1. Does Ser204 meet the test of being in contact with a Gly (Cβ under 8 Å, 6 or more places away or on another chain), of a type outside the set (Val, Ile, Thr), more than 16 Å from ligand 1 (Cβ to nearest atom) and open to solvent by less than 30 Å² (accessible area, probe 1.4 Å)?
2. As an exercise: evaluate Pro162 against (1) near ligand 1 (Cβ under 10 Å from one of its atoms); (2) out of contact with any Ser or Thr (no Cβ under 9 Å at 6 or more places or on another chain) and give the number of the one condition it does not meet.
3. When you scan the range 406-451 for strands (runs of 3 or more DSSP E) that lie fully inside it, which ones turn up with 2 or more residues that are within 11 Å of ligand 1 (Cβ to nearest atom) and touching a Phe, Trp or Tyr at 6+ places or on another chain (Cβ under 8 Å)?
4. If you scan the range 397-449, which residues turn out to be modelled with pLDDT of 95 or more, within 19 Å of Glu508 (Cβ to Cβ) and open to solvent by 20 Å² or more (accessible area, probe 1.4 Å)?
5. Taking the range 21-60 only, how many residues are part of a loop (DSSP other than H, G, I, E, B) and β-branched (Val, Ile, Thr)?
6. Can you tell me how many residues within the range 1-42 are of a type in the set (Val, Ile, Thr), modelled with pLDDT of 95 or more and under 25 Å from Leu96 (Cβ atoms)?
7. Quick one: which strands (runs of 3 or more DSSP E) lie wholly within the range 279-382 and hold at least 1 residues that are touching a Cys at 6+ places or on another chain (Cβ under 6 Å)?
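The values are calculated or read from the model by the stated rules, or taken from the named source; none is laboratory data. What you see is a predicted model; the values in this text were computed from it and never measured. Ideal geometry is used to build each Cβ from the backbone, glycine not excepted, and the neighbour counts take in all protein chains shown. Accessible surface areas use protein heavy atoms only, side chains included; no ligands, DNA or RNA. Shrake-Rupley method; radii C 1.70, N 1.55, O 1.52, S 1.80 Å.
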Amino acid sequence: MTTERFIPTPDGQYNIGHLCTRLQCDRGLAGKTAMRWIGAHGEQAEYTFGDLERESSRFANVMQNLGFLPGDVFFIFLPKMPEVYFSFLGALKSRLITGTLFSNFGEEALLDRLDDAKAKGILTRKSYLKKLLRIREKLPHLKFILLVDAAEHQASDILSLPALLGESSDCFETPLTPAETPSVLHYTSGSTGKPKGALHRHRSVLLQSRTAAEVLGLRPDDIYWCTADHGWVTGTSYGIIGPWSLGITQVHFGAAYDAAKWFELLEKHGVTVWYTAPTALRMLMREEPALFARFNLAKLRHVFSVGEPLNPEVIHWGRKVLGRDIYDTWFQTETGAIMITNRPGLTIKPGSMGTPVAGVEAAIVRDDGKVSPDNEQGNLCLRPGWDSMFVSYYHNEDVYRQKFKHGWYRTGDTARRDSEGYYWFMGRSDDVINTAGHLVSPFEVESALLEVEGVAESGVIGAPDDLLWEKVVAFVALRKGVAWNSALELKLRLHISNRVSTMATPQEFRVLDNIPKNKSGKIMRRVLRAQYLGQDAGDVSTLDI
Ligand code: ATP
Ligand code: MG
């Protein structure tokens with residue numbers, strides 16, 4: 001399977017900005033809708049690939065006129081809005097290292113990232129300016145703040161984007177960009193510690209487009225919706241680059257999660273392929289079935305999920321309520337594209353994240369570098385060399401190097417591979433529980449807890465124990481109106497013992513209103529652990545609890 005089938009680069013032009021815009025126009029798609037924008041209040045606008053080409057070019061000219069040079073770091077700090085996409089592609093056309101920041105970040109989170117990256121510029125909006133100005137003096141590298149919604153320049157270094165765009169041409173000849181040129185800088189979600197800046201290169205587009213075609217199954221007439229925010233890797237790899245490099249029409253929705261609005265959108269816009277996350281799906285599961293009966297999702301062909309393990313219960317719900325399989329996909333900020341996945345045509349084993357993408361070599365590798373036999377739990381590793389592999393942790397070369405051992409990239413996740421080549425996620429290596437010499441997967445216990453009526457959310461950790469080394473502690477959030485009592489506790493214990501193993505049966509339960517999650521929706525087990533131990537939770541900059 002050659003990548004050229006999806007992205008022709010015969011002239012050595014790998015520029016993501018160019019490939020997502022000009023190439024599509026050259027392919028005859030200038031008049032095709034690239035983005036159907038739907039605002040928080042239902043307002044709608046259509047942008048063609050021709051519009052994307054012109055608007056991103058205009059932005060590239062702004063960058064050039066301000067004196068930005070290839071390799072300078074530029075961040076976009078905005079909520080979902082059309083300008084995010086134009087500026088992202090325009091900055092890439094100018095060969096800037098382009099980062100996207102989740103719009104809810106507070107000062108500390110911003111300072112960490114802008115300082116670490118030595119950012120030279122940032123695009124934001126007036127209402128976020130205060131936050132930036134409070135940390136400004138700690139950011140000597142930051143030369144320009146551009147405001148998307150200021151009609152006039154505010155100061156010599158706080159500029160109006162509309163004014164700059166008004167002075168700039170919408171034609172930009174993208175300089176030849178070799179495959180290895182740095183492209184996107186994405187900070188990891190910070191689930192295990194301080195977020196790390198994973199630096200990517202333009203070559204990543206090869207795998208992002210191939211997986212968009214071969215895994216997401218995108219076809220020219222699709223209407224595709226990726227719910228991920230551009231602040232996270234899914235939002236750029238599969239909310240911008242993959243689909244647009246294939247000339248696919250995307251819906252972008254500028255409002256937060258709302259079950260009824262989401263279903264309305266799926267129906268009204270005839271979404272055919274939908275990429276979302278387990279947290280959102282688990283939230284949908286909490287809704288009354290009557291809500292879903294109101295909508296006709298006949299056009300929806302495929303549903304995908306990423307970011308956390310997909311509990312089997314969610315797959316069963318998808319079959320019942322959506323009448324479709326939900327395909328779990330696994331990847332990381334560092335991998336840039338889907339690595340291990342379920343997909344149309346591959347039989348789903350609920351609870352498994354599927355098999356590696358063609359051309360990606362995965363294995364469970366022991367500490368001494370030997371590949372483990374089937375069904376042994378251990379370090380999930382990837383053979384370096386795939387097109388969208390990160391090339392460094394920005395300004396953190398030591399930590400980057402530690403990720404590679406015995407010729408493998410160590411993902412930091414624990415999994416097992418079965419005899420048919422399917423991978424089963426157990427947990428992040430730090431989260432897998434070692435109790436009395438047995439390894440217990442927090443994910444398996446969490447999934448089993450969700451199967452018990454009355455449990456809305458679950459989070460499972462290992463806590464130090466004199467006798468067992470670690471004991472299993474379960475946190476649960478109950479559905480509205482459900483009361484915690486000893487009968488329910490007994491039911492949960494029995495269920496885990498039967499479904500998972502007696503070793504996995506929680507020694508202790510704690511009931512919470514909500515399970516803490518970070519801003520990308522991931523369960524924060526390290527926070528649960530700290531809470532349990534009465535410790536400080538450390539860096540919680542990406543937390544939303
Ligand atoms: P940090 O590296 O800063 O601790 P993070 O690992 O959460 O944060 P991301 O790169 O956003 O940052 O997330 C990748 C991780 O998310 C994976 O290593 C894995 O632990 C988890 N993950 C993603 N998709 C899946 C999936 N389908 N199944 C299980 N886990 C998943
Ligand atoms: Mg990680």
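1. no
2. Of the numbered conditions (1) near ligand 1 (Cβ under 10 Å from one of its atoms); (2) out of contact with any Ser or Thr (no Cβ under 9 Å at 6 or more places or on another chain), the odd one out for Pro162 is (1).
3. 408-417, 423-428
4. none
5. Of the residues in the range 21-60, 1 are part of a loop (DSSP other than H, G, I, E, B) and β-branched (Val, Ile, Thr).
6. 2
7. Strands (runs of 3 or more DSSP E) meeting the threshold: 362-365.
Yes or no, residue by residue, for (1) within 16 Å of ligand 1 (Cβ to nearest atom); (2) assigned to a loop (DSSP other than H, G, I, E, B):
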| position | (1), (2) |
| --- | --- |
| His141 | no, yes |
| Glu173 | no, yes |
| Val184 | yes, no |
| Leu199 | yes, no |
| Leu218 | no, yes |
| Ala228 | yes, yes |
